[in-house]
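Enquirer: After the structure tokens below, expect a handful of questions from me.
Since every read-out is calculated from the coordinates, none of them should be taken as a lab result. Fair warning: this is a prediction, and the values are worked out from it, not measured in the lab. Neighbour counts run over all protein chains shown; Cβ positions are idealised from the backbone, glycine included.
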Amino acid sequence: MNKLTVSSAPHIRSSSATNRVMLDVIIALLPTAIAGSVIFGWQAIATILICVLSSVLAEFIYNLILKKEQTVGDFSAAVTGLLLGLNMPANFTEIWWQCIIGSAFAIIVVKCLFGGLGANFANPAITGRIFMMICYTGTVGKSVFPIIGSAELSTGATPLVVLGSDNISSLPSLFDMLLGLRGGAIGEVCILALLVGFVYLVVRKVIYFETPLIMIGTVFVLSLLVSNDPVYALYQVMSGGLILGAVFMATDYVTTPINRTGKMIFALGAGLITVLIRLYGSYPEGVSFAILLMNILSPYIEKWTAKRPLGAKRVKGGTK
Amino acid sequence: MSLFMLGRAKVPHRKNTANMKAERIPAPTSVTLLTSQHIGAPATPTVKVGDKVKVGTLVAEASGYVSSPVYSSVSGTVKKLEPHLMYNGRSCQAIIIESDGEMTPDESIAPPTISSFDELSAAVRASGLVGLGGAGFPTSVKLDAEKKGLIKKIILNGAECEPYITSDTRTMLDDGEYIKAGVELLQKYVSADEVIVGIERNKPECIANLTSLFAGNEKVRVVSLPDTYPQGAEKILIHNTAGLDVPEGGLPADVGCLVMNVTSVAFLAKYAESGMPLVEKCVTVDGSAIKSPKNLIVPIGTPIKDVIEAAGGTSCEVGKILYGGPMMGMAVYSDEEPVLKNTNAITVMNKKDAEPKKLYPCIHCGRCAEICPMGLNPTLYAKAMKVSDPADRRARLNDAKINLCMECGCCSFVCPSARPLVETNKLAKADLRAAQNK
Ligand code: SF4
Ligand code: SF4
């Protein structure tokens, strides 16, 4: 008889696979990438591509030099690159080389140096974006406006900046906001495409539906409370990178708490900090910082929200 | 109630043999009877080479309180007594008996007299019965909780949540009368005020059969359980049927429960009727390499390869052979290994199914912690095991309640990165045991 495999139970596994999960995130981002390309033109396509390519290449070269097992096949570098690209303005001619540096920073410094996939404490795409915002404020922070739609769309400040000023009348209509006919980063403007991605991720059971909803809901409710104006609150929700961040970055596995309740608290905190930064901070946009801050708090939330195991003795002060 | 039921892993059912009555296999040419087929001290052989034995002759006696006797499953001659390396890496004595092909029962076999709890307990002990559902815990030891007046509820395990296995299903369909008789026997001598039968809802015929059999017995309740894994795990079963949680480090008796597998209860009634001890088992033979899956009645000690043969053989190259089903079954290193008292299935997998799933780093997705029926977070054990300082490592393992892990396999099953979570937990427990024994 041939040799039998002897291994530990269980001897069957579900069909879920990590590379498939990553692929699902990429698929969920495709409508947004396509919408951004239609709205902003070739500069958007080129920006997304350069971020994806340099992210994947950065990981490839890192593994090559350090003689590590090649990991680009898990698609996580591609996800980071795609997210980073979608967080950039469609300003390829000015920022292409900054994109390369930002991607390399996100992959090598934020992810690989911490031990690669699963070992990083902060979301690489978000940290990469913040790094670029700080280093290249003038070009990366620039507002690029749609190449399609009516003429007045391509002038003036982004809705978030307008919201912060008194000149509210120059805002695009809520319908235009939904379609993405406004200034902003490539992947943050088309709310409709982002929602399609959200539904896909929930249906594929990649994320819990409540995580983005709680973060977005928190922003809405707080904005409503301070302004007493539902329309203002809706603008707050649809502008900036809130939806993109809430659906795709506040749901990142590695950098959020492991339990479902922990993820809810994470989302609540991220929404709260977003509003605080938007209203009282010096940056008009708070989503990236809010998520990064919550990434740092994530291990603590995870501890507080640990489930009480079945039959475990209750210990004073928690579920130890 | 159903909403709060635990054990929600959607493992495939593959109950291909549910409609197949068990067939008796021809007498094997030789059987290997191990002295350790249960949790506890191995039995002590009472025969020597050359002795003639018959079906039901004692060949090894219980050697302590937590132990169980072994009886010959064939008639023939004792050929050899030798050490045997078991599937779990431990060693015990093996008694090898060459069969004369007659299967003559031992003349001394007579029904036991049972007229008190003590006699019931002695009979259970003498019958060689161990938990037939899986772990192989001597039934008499569980039953003795009654002496302390602990048993309030008897819970019958008819969940059969492992993929493929249908031997309990067949008991519930074909031996319902014996289950009923066994329950009545227990009710007579055990002071429990309630009997609950838990059956997964993917077996409606079993639920219907037992419900009608117990229609006149108002102390018996048949509960339909979710058709998800692991309904048959003792603590989950107690939670889902009786709404009680076994405390950490405790036993079912601590919450007043006696859990018995349906087939064990049926056996009890058969033993009370005939006095024939545990010498044969109904075994489901299935898996991707099996040509025609079957339920077979097999003398204990029959080599696995004879059982596979009797089922009609394999259809392709074999990759892995398991005692039990794919979630908790134990892989054997050879098809010469014998059927044990608690073997309820033999799963034979082809090469492709035996290949491991692609490994990735843990992505902290939380699926394992979400699915764990015990509410544990398996990623903590993997992290703890990377700590080299023994004191720190063990403190972390204890803090994360590794002792509550029942190795059900749900976490490893759902992990998209194919992390060896159950394996890590086993290593971690061994690490803690080593520290305790020092
Ligand atoms: S299921 Fe696997 S990848 Fe997900 S958290 Fe658990 S061990 Fe990590
Ligand atoms: S940690 Fe233990 S009890 Fe929980 S799912 Fe994994 S094997 Fe089962």
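Enquirer: Can you report the principal axis dimensions of segment B:51-92 using only the alpha carbons, biggest first, rounded to whole angstrom?
Expert: 30, 24, 14
Enquirer: Quick one: go through segment B:293-336 and flag any residue whose amide nitrogen is under 11 Å from the point 7 Å out along the Cα-to-Cβ line of residue A:6.
Expert: B:331-335
Enquirer: Counting only C-alpha contacts under 8 Å and six or more residues apart, can you give the relative contact order of chain B as a whole percent?
Expert: 17 percent
Enquirer: If you count, for every residue in B:410-416, the Cβ atoms of partner chains within 10 Å of its Cβ, what is the mean?
Expert: 5
Enquirer: So who's got an amide H within less than 5 Å of the one on residue B:71, skipping anything under 5 residues away but keeping other chains? H placed 1.01 Å off N, in plane.
Expert: When sequence neighbours closer than 5 places are left aside, the close amide H contacts are B:59.
Enquirer: Label-point separation (nm) for residue A:114 and residue A:303, each offset 7 Å from Cα along Cα-to-Cβ?
Expert: 1.8 nm
Enquirer: For segment A:1-69 and segment B:229-275, what is the centre-to-centre distance using only Cα atoms, to the nearest Å?
Expert: 46 Å
Enquirer: Of the cross-linked pairs B:351/B:401; B:48/B:320; B:54/B:203; B:358/B:386; B:180/B:203; B:180/B:401, which ones have a Cα-Cα span greater than 27 Å in the structure shown?
Expert: Flagged as over cut-off: B:351/B:401; B:48/B:320; B:54/B:203; B:180/B:401.
Enquirer: Then there is this: Just the projected area, averaged over all directions, of the convex hull on the alpha carbon atoms of segment B:367-437: how many nm²?
Expert: Mean orientational projected area (segment B:367-437, Cα hull): 4.3 nm².
Enquirer: Turning to a different aspect of this structure: Can you work out the FRET efficiency for the pair residue A:64 and residue A:228, with r the C-beta to C-beta distance and R0 = 60 Å, to the nearest 0.05?
Expert: In this case the efficiency is close to 0.55.
Enquirer: Of the trypsin sites (Lys or Arg not before Pro) in segment B:24-80, which ones lie in a loop per DSSP and count no more than 14 other C-beta atoms within 10 Å?
Expert: B:48
Enquirer: Going highest first, how would you order A:131-137, B:320-326, A:16-22, B:59-65 by mean Cβ packing within 10 Å?
Expert: Highest to lowest by the protection proxy: B:320-326, A:16-22, B:59-65, A:131-137.
Enquirer: Give the distance, in whole Å, between the Cα centre of segment B:89-115 and the Cα centre of segment A:120-143.
Expert: Here the two parts' Cα centres lie 76 Å apart.
Enquirer: Taking the Cβ-Cβ separation of residue B:92 and residue B:24 as r and a Förster radius of 30 Å, what is the calculated FRET efficiency to the nearest 0.05?
Expert: Rounded to the nearest 0.05, the efficiency is 0.60.
Enquirer: Can I ask one more? Based on alpha-carbon centroids, what's the gap between segment A:267-282 and segment B:319-353 in Å, whole number please?
Expert: What the calculation gives is 56 Å, centre to centre.
Enquirer: Would you calculate the convex hull of the Cα atoms in segment A:16-304 and tell me its volume per residue in Å³?
Expert: So the per-residue hull volume is 118 Å³.
Enquirer: Counting only C-alpha contacts under 8 Å and six or more residues apart, can you give the relative contact order of segment A:16-304 as a whole percent?
Expert: Here the relative contact order equals 19 percent.
Enquirer: Under the rule of -39500 (n - 2.57) per DSSP H run of 4 or more residues, summed and divided by the residues of chain A, what mean residue ellipticity at 222 nm is obtained, to the nearest 500 deg cm²/dmol?
Expert: -18000 deg cm²/dmol
Enquirer: Residue-wise, which Karplus ³J(HN,Hα) couplings in Hz belong to segment A:200-214, taking 6.51 cos²θ - 1.76 cosθ + 1.60, θ = phi - 60°, and x for glycine or proline?
Expert: Here the 3J(HN,Hα) series is 4, 5, 5, 4, 7, 6, 7, 10, 7, 5, 6, 4, x, 4, 5 Hz.
Enquirer: Now, a different point. Any number yet on Rg/Rh for segment A:45-134, C-alpha, Kirkwood?
Expert: With Rh from the inverse mean 1/r over Cα pairs, Rg/Rh is 0.95.
Enquirer: Per DSSP H run of at least 4 residues, take -39500 (n - 2.57); add these up for chain B, divide by its residues and hand me the 222 nm value, nearest 500 deg cm²/dmol.
Expert: Helices in chain B give a 222 nm mean residue ellipticity of -8000 deg cm²/dmol.
Enquirer: Can you compute the radius of gyration and Dmax for the protein assembly as shown, using only the Cα atoms, both in Å?
Expert: 31.7, 104
Enquirer: Please compute P(r) over all alpha-carbon pairs of chain B, binned at 20 Å starting from zero, and give each bin as a whole-number percent.
Expert: The calculated distribution, bin by bin, is 25, 59, 16, 0.
Enquirer: At 10 °C and 1.306 mPa s, what whole-number value in µm²/s does Stokes-Einstein give for the translational diffusion of segment A:197-250, with Rh from the Kirkwood sum over Cα pairs?
Expert: It comes out at roughly 138 µm²/s.
Enquirer: Looking only at Cα atoms, what is the convex hull volume of segment A:1-150 per residue, in Å³?
Expert: Each residue corresponds to 148 Å³ of Cα convex hull volume.
Enquirer: Here's something else I'd like to know. Determine ³J(HN,Hα), in whole Hz, for all residues of segment B:144-150 in sequence, where each value follows from phi through the Karplus function 6.51 cos²θ - 1.76 cosθ + 1.60 and θ = phi - 60°; x replaces Gly and Pro.
Expert: 5, 4, 4, 4, 8, x, 8
Enquirer: Something else about it: Relative contact order for segment A:219-317: what is it in percent, counting Cα pairs under 8 Å that are at least 6 residues apart?
Expert: 27 percent
Enquirer: How large are Rg and Dmax for segment B:105-249 when only the alpha carbon atoms are used, in Å?
Expert: 15.5, 47
Enquirer: Continuing with the same structure: Skipping prolines and chain starts, which residues have an amide H placed within reach, meaning under 5 Å, of the one on residue B:194, given they are 5 or more residues away or on another chain?
Expert: Excluding prolines and chain starts, which carry no amide H, the hits are B:154.
Enquirer: Additional query: Work out the mean other chain Cβ neighbour count within 10 Å for the residues of A:258-264 and drop it here as an integer.
Expert: 3
Enquirer: If we sort B:32-44, A:73-85, B:408-420 on the protection proxy, mean other Cβ atoms within 10 Å, highest first, what's the order?
Expert: The most tightly packed comes first, giving A:73-85, B:408-420, B:32-44.
Enquirer: Sticking with this one: Quick one: Karplus J couplings for segment B:296-312, per residue in order, coefficients 6.51, -1.76, 1.60, θ = phi - 60°, nearest Hz, x for Gly and Pro?
Expert: 10, 9, 10, x, 4, x, 5, x, 3, 5, 5, 5, 4, 4, 4, 7, x
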